[in-house]
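What follows is a single structure, written as structure tokens, with notes after it.
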Amino acid sequence: MSAQSKAFIIYAREDLEMLRELINQLTPLKRNDKLSIWHDERILPGAAWDEEIRKNLNEADIIILIVSPSFLSSDYIDQVEFKLALERHRQGKAIMVPVIARPCLWEEITAIVSLQALPRGGQAISTWTNKDEAFLDVAKGVTKLLSNIHIMATDRRHAIEVVENAILLYDEGRQRNAYDLLIKHAKVENGINPRGFHILGRIYHLGEAGIAVNLEEAIKFYIIAANLGYKFSFNNIGMIYRDKGMFLQAFEWAHKGGEMGDSNAFNLLGIMYNLGEGTEPKKELAKQYFEKAAALDNTHAMYNLARMYLSENKHEEGHLWLKRAAEHGYLNAQLELARLFHDAEYSSDNITDAIFWYEKAAKQGSADADFNLGEIYYSGLGGKTDLVAAKIHYGKAAQKGHSVAQLMLGYIYDTLESDIKSAFRWYQAAADQQNRVAEYNLGVLFENGVDGKPDKVQAIAWYKRSAYQGFEKAINRLRALQVPGY
């Protein structure tokens, strides 16, 4: 910045007298070469009006907003001048100063209410008994700003750079580093990227970076981001309220997100219209919102459309949307499509399709997909039994904690390979998840001898655990062993 700072004043025509009074009070700063002032009354006849405004606004160090009902209702101010001013403020290239001229709902504008308003206390100038004193208070505030403007601008630029770096760290998966920077530097008055607030909301929402889930903090930061125009925050606020059972609030925020064109908000509206949450159930309207979201490649909406059509026995439409979602990589759609081919009494071609979609889902880490691939290869539905492939897929699912896959892996080691130690390991893993068949099989192993040494006490203990869950074989074995109570 030069030694002399440049002020750009944004005002509505109805506040012309306020503009002139303010300029009068700022005149000593002009004469001392501390401040130059530009406003649209300085545009010469025949000049390109819009071009002059944009040019001078982009040169300003200080942007003074003369806030009033007329200011807030002006489309040009809202869509052009204020938008440009806010962008320069967020970039750290200028500092915005709201001057409250007349009573209005300025507190509802996040980008304004976050700033230090003048005159003191944000009391509208028109309500002061002595308006000269009010304008003098404004002039003193601008004078104070000028004395600190270089330091403030440097601090703000630093904060903006830090937040941008934090966003990059978050995108790289370094959530804790991002959080530590954002929680310190993400201040509305610094004009930072709204996504910084959204990320803070997400961290509190999902409990990322080792931070405990705190939905109130999440909503707080999401609302800041939403009020600053970050469209993806609206849906997240709606989701939190929906999870809390606060459907009216959820519906309201979903609508706001829909107005911003967010596909996730369209999808949430579809869900709520379909289920009648926060509104009357309207199936056709639900489909329309799902279709809007699907047109923006929202795979969740494609899947929801498929489920709606399938529930109405409209199989052709349902399968079409299910396939579209699956082709776009939506995991649940891939699994459901695979199951449709797997469960039906189809030809080997359909089993091939089932394998294709299960493999797609397995590549995304689905334990269910690997388990079902294991089932297909173990049972020979693909044409012949393939124990090697079955073990591979059961193993992948078992490693991810799939209890039935653990049971099946144990069974293969037990009955087909006579590898009792490996069988014991996997039966134990499944039993730890209360799989009653695995508990029974452990009883059999102990009764027969895991290391060639039968252990009737352990066998009975495992049979009892299985019997407690109603497994008939365990109950019958306990009776055969004449255990009291069975």
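A few comments on the model shown:
- Counting beta carbons within 10 Å around each of TYR394, TYR76, TYR330, TYR289 and listing the fewest first gives the order TYR76, TYR330, TYR289, TYR394.
- Top positive-direction residue, dipole computed over the chain with Cβ charges, set HIS315, PHE82, TYR289: PHE82
- Candidate values (i) 38.3; (ii) 34.3; (iii) 24.9, label of the one derived for mean projected area of the Cα convex hull in nm²: (ii)
- With the simple model of a label 7 Å out from the Cα in the direction of the Cβ, LYS131 to ASN313 spans 7.5 nm.
- Put simply, when 31-40, 122-131 are sorted by average Cβ atoms within 10 angstrom per residue, most first, you get 31-40, 122-131.
- For segment 273-316 and segment 157-221, distance of Cα centres in Å: 33
- Close lysine pairs were tallied over segment 5-153: pairs 8 or more places apart or on different chains with Cα atoms under 13 Å apart number 5.
- Cα gyration tensor shape of segment 5-153, rounded if a/c is under 1.5, else prolate or oblate by comparing a/b with b/c: rounded
- For SER68, SER74, order by how many other beta-carbon atoms lie within 10 Å, fewest first: SER74, SER68
- Cα gyration tensor category, rounded, prolate or oblate, for segment 226-337 with a/c compared to 1.5: prolate
- For the chain, the Cβ-based charge dipole about the Cα centre amounts to some 1140 debye (Lys, Arg positive; Asp, Glu negative; other atoms uncharged).
- Segment 294-437 - charge dipole about Cα centre, Lys and Arg +1 at Cβ, Asp and Glu -1, debye rounded to 20: 400
- Listed peptides 225-233, 59-67, 411-419, 465-473 appear in the order 59-67, 225-233, 465-473, 411-419 once ranked by packing, highest mean of other Cβ atoms within 10 Å at the front.
- From its DSSP helices (H runs of at least four residues, each -39,500 (n - 2.57)), the chain gives a residue-normalised ellipticity at 222 nm of -20000 deg cm²/dmol.
- Proxy reagent accessibility, fewest Cβ within 10 Å first, across LEU373, LEU275, LEU115: LEU275, LEU115, LEU373
Bear in mind these aren't lab numbers, they're just calculated from the coordinates by the rules spelled out. These numbers were taken from a predicted model, which means no experiment stands behind them. In this analysis, Cβ positions are derived from the backbone assuming ideal geometry, glycine residues included, and neighbour counts consider all displayed protein chains.
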